[in-house]
Amino acid sequence: MPSLEAVCTRLFGRPGWIPKVLLGGGLSFIPGLNLFALGYLFIYGRRLRRNQQFDLPEWSEMNWPDLFICGMRLFGLLVVYVGIPLIAGWITSLILYFLTFGLLGVVAYLPLAITGFFSPMVFLSAFMTYLKNEEFRDAFQIRSLIQQVITGWKPLALPVIAFWGIFLLALPIYGLSFFIGAWVLIAYSSALRMKNFS
C-alpha cells in the first residue's frame, strides 16, 4: 500500500507543478471560474486512472469548454457527497447544541465532525467509481460506496484530517489550499487503487 509521504514526494518532487497549482488555486477563488479548476482536477483524475501519470497536465493543453463540463460533473459529486452531508451535520450539531443549552460544549458538534471525516472518503469513492465508465449511475450506488468506505477508510484517515487541517489553517487562501488538498487526495486515492505503484 502506498504511503501518503510517497505520493506527496512524487507529486511535489516533479518540476513545473507550482505554476499549474497557482493557476488552479487562483481560479478556485472566483465563483463560476472555479468550475474550470474543478474540471482540471477531474481531467487530472481521469488521466491518472488511464495512464497512471502523476504529473499535472499543462493548462495550455486544456479544452476550456470541456473543462467547464467536467467541472460541473465534479461539482455535482461534491455537492451530493460533501456539501449536503456537511450542511446536515452542521444543522444537527446546532440543534443538539441548543437542545442541551450548550452544556455539551464542543461534543455537540460531533455530528459535524463525523460528516467532515467521512464525506470526503465517500466523495473520493464516488469519483473513482464514476471514472471507470463515466456514468453517473455508477457514482450513485450509495450502498456500494458506503461499503467501500467501511472497508477502506483507514488509509484515507490521515490524508482527510490533513486536508481539513491545512484548509482551515489556510482559510484566507482557501482557493489554493482547497486545490492543493483536492489534488493530493485524488492522487492518493488513485494510488491506493494501483497495483503497481512504486
Residue 50 vs (1) out of contact with any helix residue (DSSP H, G or I) (no Cβ under 7 Å at 6 or more places or on another chain); (2) closer than 22 Å to residue 191 by Cβ; (3) surrounded by 15 or more Cβ atoms within 10 Å (Cβ to Cβ): all pass except (3)
Check the stretch 135-142 and report whether any residue there is closer than 19 Å to residue 181 by Cα and in contact with a helix residue (DSSP H, G or I) (Cβ under 6 Å, 6 or more places away or on another chain).
-> no
Lone qualifier among 104, 77 - being of a type in the set (A, V, I, L, M, F, W, C) and more than 21 Å from residue 178 (Cα to Cα) | 104
Considering every residue within the stretch 3-11, establish whether at least one is basic (Lys, Arg) and touching a residue at least 24 places away in the same chain (Cβ under 8 Å).
-> yes
Of the residues in the stretch 134-153, those that are part of a helix (DSSP H, G or I) and either surrounded by 12 or more Cβ atoms within 10 Å (Cβ to Cβ) or modelled with pLDDT under 90 (or both) number 11
Given (1) modelled with pLDDT under 95; (2) in contact with a helix residue (DSSP H, G or I) (Cβ under 9 Å, 6 or more places away or on another chain); (3) at negative phi; (4) not aliphatic (A, V, I, L, M), number of the condition residue 123 does not satisfy | (1)
Does residue 124 meet the test of being under 29 Å from residue 23 (Cα atoms) and either surrounded by 13 or more Cβ atoms within 10 Å (Cβ to Cβ) or without any contact (Cβ under 8 Å) to a residue 60 or more places away in the chain (or both)?
-> yes
What are the residue pairs meeting all of these: first residue in the stretch 22-47, first residue farther than 16 Å from residue 187 by Cβ, second residue of a type in the set (Ser, Thr, Tyr), Cβ atoms under 6 Å, and 6 or more apart or on different chains?
-> 34/28
Could you figure out which of (1) touching a residue at least 24 places away in the same chain (Cβ under 8 Å); (2) surrounded by 20 or more Cβ atoms within 10 Å (Cβ to Cβ) isn't true of residue 181?
-> (1)
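The values are calculated or read from the model by the stated rules, or taken from the named source; none is laboratory data. For clarity, every value in this text was computed on a predicted model and none was experimentally measured. Backbone-built Cβ (ideal geometry, glycine too); neighbour counts: all protein chains shown.
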